[in-house]
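Here the structure is laid out as C-alpha cells; the discussion comes afterwards.
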Amino acid sequence: MNNTYMEDVVDCIAIYDSGNYAYRMRHVFEQRGLYFEVIATPCKVSKTGCGYSLLFPYGYLQQVISLSQTYGCPVREAYKIEVYNGRKNYIRIK
C-alpha cells in the first residue's frame, strides 16, 4: 500500500459494553468478507477502565452501528480518529 492512501483513510472505533461484543462483531464482519481489528480501548476515551473496541474505516460506521444492534451488541460510543502532528485525537461521533 502506498502512503498517500493510508493518509486518506480515517479510522473509527466502536466501543461496546463488553469485550465479547467486540470479538463477536469482528467475527460477524469476517463472515461478510470485512476484516476489522479488535483493539484495547484507548485510555483517552475509556470511561470504565480497560476494554476492547472494534477498529474500522470511517466508511463502515453506519453498517457497524446497525449490524451491531441487529446482533444484540449495541455500540455504546463511536469515535473518529484524526491524527494531528503525529498524535491521535478522538472525536465522538455517537
Exercise. Restrict the check to the stretch 37-45 and report whether at least one residue is without any contact (Cβ under 8 Å) to a residue 60 or more places away in the chain and in contact with a helix residue (DSSP H, G or I) (Cβ under 8 Å, 6 or more places away or on another chain).
Key: yes
Quiz prompt | Check on Y35, assigned to a loop (DSSP other than H, G, I, E, B), aromatic (F, W, Y) and either surrounded by 12 or more Cβ atoms within 10 Å (Cβ to Cβ) or modelled with pLDDT of 85 or more (or both) | solution = yes
Quiz item: Of these, D11, D17, which one is modelled with pLDDT of 90 or more, surrounded by 12 or more Cβ atoms within 10 Å (Cβ to Cβ), acidic (D, E) and under 14 Å from the mean Cα position of the chain (by Cα)?
Solution: D11
Self-check item: Pick from the stretch 38-66, criterion farther than 17 Å from I91 by Cβ and polar (S, T, N, Q), ranking: surrounded by the most Cβ atoms within 10 Å (Cβ to Cβ)
Solution: Q63
Practice problem: Among the residues of the stretch 34-50, write down those that are out of contact with any strand residue (DSSP E or B) (no Cβ under 7 Å at 6 or more places or on another chain) and closer than 18 Å to D11 by Cα. | Solution: L34, Y35, C43, S46
Exercise. Would you check which residues across the stretch 39-94 are touching a Leu at 6+ places or on another chain (Cβ under 9 Å), β-branched (V, I, T) and outside any loop (DSSP other than H, G, I, E, B) and list them?
Key: I39, V64, I81
Self-check item: All positions within the stretch 40-84 that are over 13 Å from R24 (Cα atoms) and touching a Ser or Thr at 6+ places or on another chain (Cβ under 6 Å)
Solution: T41, G51
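The values are calculated or read from the model by the stated rules, or taken from the named source; none is laboratory data. All values derive from a computational prediction rather than experimental measurement. Neighbour counts are summed over all protein chains in view; Cβ atoms, including those assigned to glycine, are modelled from backbone coordinates with ideal geometry.
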